[in-house]
Each structure stands twice: as structure tokens, then as C-alpha cells.
Amino acid sequence: MSQFQINLHEAIYSLSDALDLVGVTHIHHGKRVAFMAAEVGKLLQWPKAQLDDLFQAAILHDSGVSKTAVHAKLAQLEWELEGEHCQIGADLLASCALLRGLAPVVRYHHTHWHALEPMDLPLPVRLAANCIYMVDRVDILTLKYLNAGADILLGKDDIRQQILAHRGDWFCPQLVDAFMELSESEAFWFMLESDHVNGYVATWLSETTGQSMAFEDLSSLMHIFSSIVDAKSAFTKEHSDGVASLARFLGQQLQISDDRCDMLELAGLLHDIGKLRVPDELLEKPGPLTEVEKRTMSRHSFDTYNILCNIKGLEQVALWAAQHHERVNGTGYPYHTRAGGISLEARIVAVADVFQALAQARPYRPPMRPNEILAVLQQQVDCGKLDPQVVDCVRDNLQPCWHAAMQVRPNREPQPQAA
């Protein structure tokens, strides 16, 4: 398998950017929570390694949130179902060897201190989880001031008193005392502004360099991205996995090198990450989209590129993923790139995306059978949209392509009958 030179912190930062797309009313929430948590930890003189784990867990604490409706509920001070996203996020992080150690912190980041303190967990885990919970609620309380364009200092005293009121109950007394000391100054609140938070995160990024990462480890990390976007709708569940599987299969049939097939799989996993910005109701709309809704949908591939291009070592993967809606005749989006500017790999991802989407149910139609899918692909070839070489490869391998797109093991699962 391939080896990639990747800065793990850059990848985590990009994942935080993706999560920001879900909370369209509260951008940079994860970064502000990470900043405040780290400042509390520094005041308490936690060791550097503990601070780094805290920062990573804080910036990813909402990795279990895919739906805009859930994000809106979490913008309340309390919500009876707030623990669900904690478990989902913890399960996602636990699936990746590189981030597994963060899972318990994310799992308990909405647990009240009176319940968390007696749990059989290492003290640093309990403190990190509760610290994130406390500053997460601080950030939520600032929301009404930020959204109204009001001076944050107008809410300073009220926010501090609300946190203090839960000292010893929701929040560890030691953490509350540190927060009260930090937040007494006006500078603390001014530092929550985007420019300062972005600079703070940039400093954190600069403290690490790339590391050699096996494809298996990188794939498990990127699978967190794809799982978050696929969970946004029941109709997109497992779409990214299917596109990744089919893109790799087509690349192998077209004799693309093993290293580039690994990259193709990553591009398939990541191609729709920009859809996190798309409102839930558009993805689940049972009828055709209006022109306005189509324009809203059409920016997702551009958002995909903006998120992924910040990860050094994945520049080509970012481009292939971003071009999955480009078409050979220049009628695609978001760049209207024509044939000469679209690599074979990007054309493969485009075909894999169309094939897999047609093979799945959508609110407005049932899943299509393999021959029906092939007919649609051929129509798009005939009007100059999809690459004929890639679609010919699908025709020559139709049933294996369906198995790859649906991730079905041959001879283990029933296959649909050809139309």
C-alpha cells in the first residue's frame, strides 16, 4: 500500500472546517472551543502532550453532528438528546487508529461533572471532557450576541454568571475557577473573534510537520469525513464508500497504478464533503429542485476543494474530488472545465458518482437496475458529458461495477436482475 506524507494537524483542521459547514449560524465553533479549552488547560499548567490531545478533541468535539437540524438543537443551553452526537462522534474517532485516544473525551463532552467525576476513567480524560463541555456552553451563550452583531462585552457578565451557577454540578470547580480568572479580562472575549482564533490555530498547525502515513491509516482518517457527510441523509448513507469502491475498481480495470488507485479511493471517499453545507431538506426533497435550490446544491464541490486543499500531500486528491461534477463538454460545475483540464482520474470519479447515485434510492425515485444505469451513462456520453472510455469500461464490467458500487461481495448477496 502507498505511503503518504501528511500533517495530522492539517487533516484535523480541515475536518473542523467541514464541521463548520453544518453550523452555518455559528462558524468556527470548534476552533473557538479549542482555543478556550487550551487556555484553561494552560492556566492549570497541564503538560504539553495533554494540551495537544485536549486541543484535538475540542476541535473535533462535534464530529457526530451531520444534520443542520441537530446543530440548531445543540445551540440551546440544554437539550435532552444532546448525548446522541457524543456517542456517534466517539464511535467515529474510535474507528481511526490515529484518533482513537480522543474518543472517550468526545464521548463524555456533554456529561455533567457530578455524573462524570465518579466514573472509572483516567482523570485527564474526565477533566478534558468537562473542560470542553464548559467552554462549549460558553460559546453557545455568546451566540445571541454574535448573531445580533452586538458587542460581545455586553454578554460577558451574564455568561460568566451562568457558568458559575453550575460550578460543582455541571462543571468541575477547578475548571470553573480557571475560566472565571481568564474571562475577567476584556481581552479574553476579544480573542474569540475569528481573526485571533484563526491565528491561534495557525500557530498550533505550525508546531507539527508531516508524518509518513500508510494508506490504511489515512483511509481510516478520511473515512471519518465521508461518514459524517453520508450520515446527513438516509438517502446518502454509504454513498461515499460506494463511489470510492467503484472508482478504485474502474481505475484498476483501466490499468492505473496502485498508488493512484489508492488516491482514487480517497477522492471517492471525500468527493461530497462540501455537502455538509447543504440544508438537510434539500437532500431529502421528494421532488425536483428549484433553480435557487440547484444553485445552493452546486457549490458543494467547490466547498469540497476548499476543505481538502489545505492538506499538503492530498492536492491531487482534492482536485479530483472537486471535479466530480465537471463534464467533458464544459457544462459541469463549479469551474466549467473542459476535456483537456479534466484528468482521467477525475473522469472516473464523475462516472462512479453518477453510477452509485443511480444505484441507490432517492426521495424522488427507486434504485435503478444495472442495465438502466448503463443506459443513463450512455446518454450522458452521447451528449458529451461523461468520458466514453470510462463508460465503456463500465459496460464491459457491468455486474462487478454494481457489486463495487453497492459494496456487495459476489456470491454472498442477491443481485438485481438486469432490466
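The values are calculated or read from the model by the stated rules, or taken from the named source; none is laboratory data. None of these values were measured; they are calculated from a predicted model. Cβ sites come from the backbone with ideal geometry, for glycine too, and all protein chains shown count toward neighbours. In case anyone asks, the SASA skips ligands and DNA or RNA and just uses the protein heavy atoms, side chains included. Shrake-Rupley method; radii C 1.70, N 1.55, O 1.52, S 1.80 Å.
Some observations on this one:
- Taking the stretch 77-118 as the range and being touching a strand residue (DSSP E or B) at 6+ places or on another chain (Cβ under 9 Å) and among the small types (Gly, Ala, Ser) as the test, no residue passes.
- Subset tally (residues that are in a helix (DSSP H, G or I) and within 18 Å of Ala231 (Cα to Cα)) for the stretch 275-302: 10
- For the stretch 3-28, filtered to residues that are surrounded by fewer than 17 Cβ atoms within 10 Å (Cβ to Cβ) and modelled with pLDDT of 80 or more, the residue that is nearest to His61 (Cα to Cα) is Gln5.
- Those residues of the stretch 236-271 which are in a helix (DSSP H, G or I) and at positive phi, in sequence order: none
- Output for the stretch 359-378, where each listed residue is in contact with a helix residue (DSSP H, G or I) (Cβ under 9 Å, 6 or more places away or on another chain) and among the aliphatic types (A, V, I, L, M): Ala359, Met368, Ile373, Leu374, Val376, Leu377
- Residue in the stretch 289-306 that is touching a residue at least 40 places away in the same chain (Cβ under 8 Å), of a type in the set (S, T, N, Q) and surrounded by fewer than 24 Cβ atoms within 10 Å (Cβ to Cβ) present: yes
- Candidate set from the stretch 351-379 (those that are in contact (Cβ under 8 Å) with a residue 60 or more places away in the chain and open to solvent by less than 20 Å² (accessible area, probe 1.4 Å)); member that is nearest to the chain's Cα centre (by Cα): Asp353
- Conditions (1) closer than 20 Å to Gln360 by Cβ; (2) surrounded by 15 or more Cβ atoms within 10 Å (Cβ to Cβ); (3) out of contact with any Asp or Glu (no Cβ under 7 Å at 6 or more places or on another chain); (4) in contact (Cβ under 8 Å) with a residue 40 or more places away in the chain; number of the one not met by His271: (3)
- Selection count, the stretch 118-136, where residues are in contact (Cβ under 8 Å) with a residue 12 or more places away in the chain and part of a helix (DSSP H, G or I): 13
- Within the stretch 333-377, restricting attention to residues that are among the small types (Gly, Ala, Ser) and assigned to a loop (DSSP other than H, G, I, E, B), the residue that is nearest to Leu250 (Cα to Cα) is Ser343.
- Only listed residue being β-branched (Val, Ile, Thr), open to solvent by less than 40 Å² (accessible area, probe 1.4 Å) and at pLDDT below 95, chosen from Val176, Val201: Val201
- Qualifying residues in the stretch 129-178 (those that are small (Gly, Ala, Ser) and touching a Phe, Trp or Tyr at 6+ places or on another chain (Cβ under 9 Å)) - the one farthest from His110 (Cα to Cα): Gly155
- Filtering Val408, Val390, Val394 for residues that are touching a Cys at 6+ places or on another chain (Cβ under 6 Å) and either of a type outside the set (Gly, Ala, Ser) or at pLDDT 50 or above (or both) leaves a single hit, Val394.
- Some residue of the stretch 31-41 being touching a Gly at 6+ places or on another chain (Cβ under 9 Å), of a type outside the set (Val, Ile, Thr), modelled with pLDDT under 95 and buried (at least 24 other Cβ atoms within 10 Å of the Cβ): no
- Any hit, the stretch 58-68, residues being at pLDDT below 85 and out of contact with any helix residue (DSSP H, G or I) (no Cβ under 8 Å at 6 or more places or on another chain): no
- Unmet requirement for Lys144, which otherwise passes all of (1) under 18 Å from Met191 (Cβ atoms); (2) at pLDDT below 95; (3) not hydrophobic (A, V, I, L, M, F, W, C): (1)
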